[in-house]
Amino acid sequence: MYELDKAAFGHFLAQLRREKGMTQKELAATLYVSDKAVSKWERGLSVPDISLLVPLAEQLNVTVAELLQGRRVEEEQRFTREETEDLIRKAVTFSAEPPERRQARTKKYLPVYVICCVLGVAGALAVWAAGLADIEGVLALLIVDVVFGVVYGAYAMFWMAETLPRYYDENRICNFAQGAFHIHIPGIYYNNRNWKHIVRAFRVWSMASLVLVPPCTAGAVLLERATGWQVCGAVLVVYIASLFGAIVIPAKRFE
């Protein structure tokens, strides 16, 4: 009943893009999608997800309502309430996560998060109090580890989307953005086949790194003092590499 006219949408989209003097690839780049996705929209084979409608309309200098209607609307014209509701129903392709599901996740992960935060902060303070943070870069690493673990760990545990919009499954998209959190690794594509594994791995990494970095850093400092070997930098390298590994490995394995 509320099926969007894909052919009209696609024809209007192609017309607007050409008026702007943009190629499909250029338009796709502004939306972090592939040019194949734009091609499918313009041919009426698929439509963009609701989360892309506002940036797409802004790029083409039209309103979202005009975009969904597949035509320009004169300034003096107004959509009726029924027309507006109809457009909204056509645009909505996925719903937000139910509050009950988020509450259940919070109840499940909160004890783990609190324990890891306490251990991580206590470990970092212990390394600093023991005078093991005087080597260049060590204190900065500890601060980054604690801040990243506490802030992004909370995001991963309680707020990170566990499912992706439908258009991720229809196209090869290497970008994910939600609030201040942004993932963009060239050559790594996200969809609902690998996303749940990425989320799980990122949760494990955020908590494990929060707890393990302080003692590993302390051990590296003691080893460097005893042997003179430059090993503290290795902790930072492993820290960064493990973060990429937590995203890249499950993304590639389950893509």
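Going by neighbour counts of Cβ atoms within 10 Å, the residues R166, R17 line up, fewest first, as R166, R17. Measuring between alpha carbons in the structure, the pairs from K108/K196; K40/K252; K6/K40 lying more than 19 angstrom apart are K40/K252. Using alpha carbons only, how many angstrom separate the centre of the range 212-255 from the centre of the range 49-72? That distance is 45 Å. Placing +1 on the Cβ of every Lys and Arg and -1 on the Cβ of every Asp and Glu, with no other charges, gives the chain a dipole of roughly 780 debye about its Cα centre. A helix-only calculation puts the chain at -21000 deg cm²/dmol for mean residue ellipticity at 222 nm, using -39500 (n - 2.57) for each DSSP H run of at least four residues, averaged over all residues. Of S242, S46, the sequence from fewest to most neighbouring Cβ atoms within 10 angstrom is S242, S46. The residue among V238, A154, L27 whose Cα reaches farthest toward the positive pole of the charge dipole of the chain, with charges on the beta-carbon of Lys, Arg, Asp and Glu, is V238.
If a/c stays under 1.5 just call it rounded; otherwise compare a/b with b/c (prolate if a/b is bigger, oblate if not). Do that for the chain, with a ≥ b ≥ c from the square roots of the Cα gyration tensor eigenvalues. Prolate, since a/c reaches 1.5 and a/b exceeds b/c.
Read the figures in this text as sums done on the coordinates, not as results from a lab. Small disclaimer: the values here were computed from a predicted structure and weren't measured. Methodologically, a virtual Cβ is constructed for each residue, glycine included, from the backbone with ideal geometry; neighbour enumeration extends over all protein chains shown.
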